[in-house]
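*Asks:* Take this structure, written in structure tokens, and hold onto it; I'll ask about it next.
The values are calculated or read from the model by the stated rules, or taken from the named source; none is laboratory data. Please read these numbers as outputs of a predicted model, since none were measured by experiment. Positions of Cβ are generated from backbone atoms using ideal geometry, with glycine treated the same way; all protein chains shown enter the neighbour counts. Calculation scope for accessible area: heavy atoms of the full protein, side chains included, ligands and nucleic acids excluded. Shrake-Rupley method; radii C 1.70, N 1.55, O 1.52, S 1.80 Å.
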Amino acid sequence: QFFVFCHGLLQLSQLLVSGYLKSSISTIERRYGLSSQTSGLLASFNEVGNTLLIVFISYCGSRVHRPRLIGCGAILVSLAGFLMALPHFITGPYEYDQSVASTFSNTTDLCQPGAPGAWANLSDASCTPHASRENHEVLLVMFMAQALLGIGGVPIQPFGISYIDDFASERNSPLYLGILFSVTVIGPGVAFMLGSAMLRFYVDIDKVGAAEVQLTPKDPRWVGAWWLGFLVAASLVALSALPYFFFPREMPKEVGELLRTRTPLSFPVVLLRNLRHPVYLLVVLAQVNISAMVAGLATFMGKFLERQFSLTASLANMIIGAVNIPGAMVGIVVGGAIMKRFQMSLRQCSAMCVLGMLLCLLLAFPLLFLGCPTQKVAGVTHWDSSGFAHHNMECNQQCRCPEKAFNPICGSNGVEYTSPCAAGCRNVSSGTNSSVLSYTSCSCIPAQGSATPGTCSSGCSRLFLPFVVLSCLAGILASTSHTPSFMLILRSIQPEDKSFAVGIQFMLLRVLAWMPGPVLYGSAIDTTCILWERRCDRRAACRYYDNSLFRQRYLGLQFFFEVGAF
């Protein structure tokens, strides 16, 4: 029982490390200027190290000291977590364009007619060879950390499960495995809640005083303390790893009975025998579709909510961790309960899967239409009557704005401008600790209008609640098919192939869904970008998406996989 407790704790903290990355992905994109394709690849990169080793490790399971190997794996996972946070400490403080001079920079992005020199050290100047090298280093460290995370995670689940199954009594084994399984479902929820808590702090909380931070979490330039969560999660993993070095190689079984022995058949024979089995193959393909959907959802759902409904990263994580993931848990439990209550045959199991997916499709379809168009951004999605792009709009021509400036403001005319300079604003009124209250005498806003800092909202708040409710219900329905689909696999193949078939199934899910899923979603999201940030002449993070396209491609891809599963 102590082993089960330790293993639950370890799996939870391991999932914290891998799940936390997904909760802070939009923040890391903004901080280091990554496209969604790159961040999707980063999020799925831990599967690479994992897949290469998983079959080999599952095959030589009984010949090694399992607890000790689990402990070593956990140490690697913990190292990976600390490595993920390292880029924060090897790069300088986060720089952004600002209107009020601070201790860092005496530049301002207001309109300063006839003074091209004033702009000299804003954004453009930060492009030294060092800056571009720094970016490569950051990516290298993060990809290495993810690969290490995958490799360290390999022994944890299979060895833990087989160790428990070998030494627990027949009666208690399902209970123990059920406990571990529920932990793997709770884990990501806890990770998103951790993300929600950490992203409320400013990224350079350790490098600058609180008084010098001019941004609030609602600001589009805000970057939260993404690295803090990795330190918390990695420390937890390191603590959970300690007991494993003191467990024995073998335990006395809970009640006396012979240890089961398996005769190992040659690898390819079993592989072909299982893959030729039609039920096994079809169920695994359906699970591949569902997993591909979940992989993309988990990675970019936060980003989607932030952009579509103008939420802060912290709130978006809160919704996912407190609503969507618990919803999926409810679905899994309900599915298992229905099966147990009605003692379902295999045909009834498959009927239940089909029905669950059909209802899920019906609820997910309206989601494609719940959203708002992109806000009007001068020179990006909105042009004045003369049709000029904003770099050469007459109203701000004498300001000589750099193209790179990014500090969005919302004009009194309901149009958003990429920076105060682009709107031709000359004056700024700031409140306490130099936070900006408003911009005045802006030549591009009719009647020398004024503007407030931050983006114009997308006017979508009323659709937010129906969206969350529908997506949560769709998730509950889709996850009811989880347990029956596992049963279809376990009951339709020969008993001696069971553990092997599950291993193959997990490997196929990894290779066909968990690895390509986030990259596919990220690439689809990138195609909907209408204004890219540029850093050192490379395309960095996306500033503005076409909201309707983003919604249609992101949720359309999800819908496509749901149809595939159905």
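*Asks:* Take the residues of the stretch 507-533 that are out of contact with any Ser or Thr (no Cβ under 9 Å at 6 or more places or on another chain) and open to solvent by 50 Å² or more (accessible area, probe 1.4 Å): which is farthest from PHE406 (Cα to Cα)?
*Replies:* Restricting to residues being out of contact with any Ser or Thr (no Cβ under 9 Å at 6 or more places or on another chain) and open to solvent by 50 Å² or more (accessible area, probe 1.4 Å), the top hit is LEU520.
*Asks:* Continuing with the same structure: Considering CYS401, CYS460, CYS472, CYS444, which residue is hydrophobic (A, V, I, L, M, F, W, C), crowded, with 18+ Cβ neighbours inside 10 Å and touching a Leu at 6+ places or on another chain (Cβ under 9 Å)?
*Replies:* On inspection, the qualifying residue turns out to be CYS460.
*Asks:* Can you find a residue that is touching a strand residue (DSSP E or B) at 6+ places or on another chain (Cβ under 9 Å), closer than 30 Å to GLU95 by Cα and of a type outside the set (S, T, N, Q) anywhere in the stretch 131-138?
*Replies:* yes
*Asks:* Then there's this: LEU242 passes all but one of (1) open to solvent by less than 40 Å² (accessible area, probe 1.4 Å); (2) not in a loop (DSSP other than H, G, I, E, B); which number fails?
*Replies:* Going through (1) open to solvent by less than 40 Å² (accessible area, probe 1.4 Å); (2) not in a loop (DSSP other than H, G, I, E, B) one by one, LEU242 breaks only (1).
*Asks:* Scan the stretch 43-53 for residues that are of a type outside the set (Val, Ile, Thr) and either open to solvent by 40 Å² or more (accessible area, probe 1.4 Å) or modelled with pLDDT of 95 or more (or both) and report the count.
*Replies:* The qualifying residues number 3.
*Asks:* Something else: Applying the selection to the stretch 438-480, what residues are outside the structural domain of CYS399 (by the TED database) and without any contact (Cβ under 8 Å) to a residue 12 or more places away in the chain?
*Replies:* Of everything in the stretch 438-480, those that are outside the structural domain of CYS399 (by the TED database) and without any contact (Cβ under 8 Å) to a residue 12 or more places away in the chain turn out to be ARG462, LEU465, VAL469.
Yes/no per residue for (1) closer than 14 Å to SER24 by Cβ; (2) open to solvent by less than 30 Å² (accessible area, probe 1.4 Å):
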residue: ARG171; (1), (2): no, no
residue: LEU180; (1), (2): no, yes
residue: GLY187; (1), (2): no, yes
residue: PHE192; (1), (2): yes, yes
residue: MET198; (1), (2): yes, yes
residue: ASP204; (1), (2): no, yes
residue: ALA210; (1), (2): no, no
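*Asks:* Okay, next question. Can you tell me which residues in the stretch 475-491 are open to solvent by 10 Å² or more (accessible area, probe 1.4 Å) and within 15 Å of MET339 (Cβ to Cβ)?
*Replies:* SER479, THR480, HIS482, THR483, SER485, PHE486, MET487, LEU488, LEU490, ARG491
*Asks:* Something else now. Restricted to the stretch 455-486, and to residues that are of a type in the set (Ser, Thr, Tyr) and closer than 30 Å to VAL436 by Cα, which residue is modelled with the lowest pLDDT?
*Replies:* SER458
*Asks:* Is it the case, given these coordinates, that LYS376 is touching a His at 6+ places or on another chain (Cβ under 9 Å), at negative phi and among the basic types (Lys, Arg)?
*Replies:* yes
*Asks:* Among the numbered criteria (1) closer than 23 Å to LEU285 by Cα; (2) of a type in the set (Val, Ile, Thr); (3) under 32 Å from the mean Cα position of the chain (by Cα), which single criterion is violated by THR528?
*Replies:* Of everything listed in (1) closer than 23 Å to LEU285 by Cα; (2) of a type in the set (Val, Ile, Thr); (3) under 32 Å from the mean Cα position of the chain (by Cα), THR528 misses just condition (1).
*Asks:* Taking the stretch 288-331, which residues are among the hydroxyl-bearing types (Ser, Thr, Tyr), modelled with pLDDT of 90 or more and either closer than 17 Å to LEU199 by Cβ or touching a His at 6+ places or on another chain (Cβ under 9 Å) (or both)?
*Replies:* Hits for the stretch 288-331 are THR299, THR312, SER314.
*Asks:* Here is a follow-up. Residues to consider are ASP497, ASP546, ASP526; find the one that is modelled with pLDDT of 95 or more, at negative phi and in the same structural domain as PRO278 (by the TED database).
*Replies:* Every option except ASP526 fails the conditions.
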